Amino acid sequence: MNTINRLTIPLLTGLLILVLAVPSWAAVDVQCPCDINGDGDCEDVQSTGPQAGRYDEPALLAQLGGNIQCMHLGGGDGFVTMADGRPMYIFSFEDLTGIGDENGNGDISDDIMAAGALAAKFPAPAIAVDEGNEFYLSLTNVGMVIRPDLFDPHTVHFHGFPNSSTVFDGLPESGIAINMGATLTYYYNLQDPGTYMYHCHVEATEHMQMGMLGNLYVRAAQAGPIEYPAGSGRIYNQFAYNDGDGSTGYDVEYALQLGGFDPDFHDASWTVQPLPFAMMWDRYPMINGRGYPDTTVPGALPAPAENGGIVSQSESSLITAAQGDRILLRLSNLNITVTHTLISPSIPMEVVAIDAKELMAADGSKLHYTTNSVSMGGGMSADVILDTAGIDPGEYYIYAANLQYLANNDEAADLGGMMTKIVIN
């Protein structure tokens, strides 16, 4: 057992007991207009017991117009495992939607704090919402189990979204940051479809390097069926944008977020050492929080032992489609140190939007273009469509053009890092 684990296991056990034992100071208050039982969703029905205690949340949602979405995130810490087997300490978010008053004491605060302990996910839970809806996003700061000396507040910054209210922008200088044990509900009126991303904006360099990053996109309201191209017989019912002609129609969609970890920075945080900001060097390039070959694993990766066996890498990077499908890739780069170029040498990419804006001229004509590579700086997004018509069934790859990002730290394996597979059936 190495030095870190010798120190961590007793510390972890003690602090976990501490956190679970003293959440009574927390004041969790989730706000969602169609949520009656306080668990942050609109899915529950209570049809037995005293009449005064009965409710029907789906019916209330319909009564309110049906255009409400709610989600409850926790902000805290946890662990993930790199593709070479190295454990990595992280800060991030977890999905607490649906967790209510499990012990029946009339207060969800202790339930939420217990569920959020060491449950951070990387990447953070994906947020997929629909244009035209009102979105209520509650964030509870559940604190740091491994680093109780830190009292860092957290926020959600909806990166690139034209939010008219600075209160809900997540920038701590102009909005509200959430302290440990507290909850804030953000409100968004979703009028702009596209691919965005979200992250914590408190001490942004540290919190983003530590993993407080996630996929976020708004699905377009345009309805099908629309034939595209006209006369082709190819019909679409899902669209990346309100394009008017079906040119952003797709059959399947995947959100892929590019990022990287500097292991020295994460280890310094884990072992309570000065953080090497000036020396930051990401040596674990990843897609959706995984390096190759983990990127080709469908579903969740095995839970790390360091967080007590909680699954922390749920979002796969594997792309699968049927021959003839149009695949929408919602690409984003939230790396804070480098620009990334992603290439698809075998299946051309049609770039239909950059930074959540469809590529169009002033007269409305399309400026989509076809390429085999897309470059994105930190904070940029791109929507690209891969048309598999005429592509033989088989396995294809999409990966970083810079070969130094095809490795997992200093692992001796031939390939790793920022690469994943496209399977055409």
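Side notes on the structure shown:
- Pairs meeting the criteria (first residue in the stretch 86-98 and over 8 Å from Gly211 (Cβ atoms) and at pLDDT 95 or above, second residue open to solvent by 10 Å² or more (accessible area, probe 1.4 Å) and of a type in the set (A, V, I, L, M), beta carbons under 7 Å, at least 6 apart or on different chains) are Leu96/Ala115; Thr97/Met71.
- Of all residues in the stretch 129-152, those satisfying the criterion of being of a type outside the set (D, E, K, R), within 27 Å of Glu253 (Cα to Cα) and either open to solvent by 40 Å² or more (accessible area, probe 1.4 Å) or over 19 Å from the mean Cα position of the chain (by Cα) (or both) are Gly132, Asn133, Tyr136.
- Counted residues, the stretch 344-375 - those being assigned to a strand (DSSP E or B), under 14 Å from Gly194 (Cβ atoms) and under 25 Å from the mean Cα position of the chain (by Cα): 6
- Where Gly211 falls short, out of the listed (1) part of a loop (DSSP other than H, G, I, E, B); (2) modelled with pLDDT under 95; (3) not charged (D, E, K, R): (2)
- Hits in the stretch 380-398 - residues which are crowded, with 18+ Cβ neighbours inside 10 Å and part of a loop (DSSP other than H, G, I, E, B): Thr388, Ile391
- Residue pairs meeting the criteria (Cβ under 8 Å; at least 6 apart or on separate chains; first modelled with pLDDT under 95 and among the aromatic types (Phe, Trp, Tyr), in the stretch 379-407; second open to solvent by 30 Å² or more (accessible area, probe 1.4 Å) and not in a strand (DSSP E or B)): none
- Unmet requirement for Gly160, which otherwise passes all of (1) at pLDDT 95 or above; (2) within 19 Å of Ala255 (Cα to Cα): (1)
- Scan of the stretch 408-418 for residues that are buried (at least 24 other Cβ atoms within 10 Å of the Cβ) and among the aliphatic types (A, V, I, L, M), ordered by number: Met418
- Taking every residue in the stretch 209-225 that is within 17 Å of Met286 (Cα to Cα) and aromatic (Phe, Trp, Tyr) and pairing it with any residue that is open to solvent by less than 30 Å² (accessible area, probe 1.4 Å) and modelled with pLDDT of 95 or more, at least 6 positions away or on another chain, yields no pair with a Cβ-Cβ distance below 7 Å.
The values are calculated or read from the model by the stated rules, or taken from the named source; none is laboratory data. Computed from a prediction, not measured in an experiment: that's the story for all the values here. So basically every Cβ, Gly included, is an ideal-geometry build from the backbone, and we count neighbours across all protein chains shown. Please note that ligands, DNA and RNA were not included when accessible areas were found on the heavy atoms of the full protein model with its side chains. Shrake-Rupley method; radii C 1.70, N 1.55, O 1.52, S 1.80 Å.
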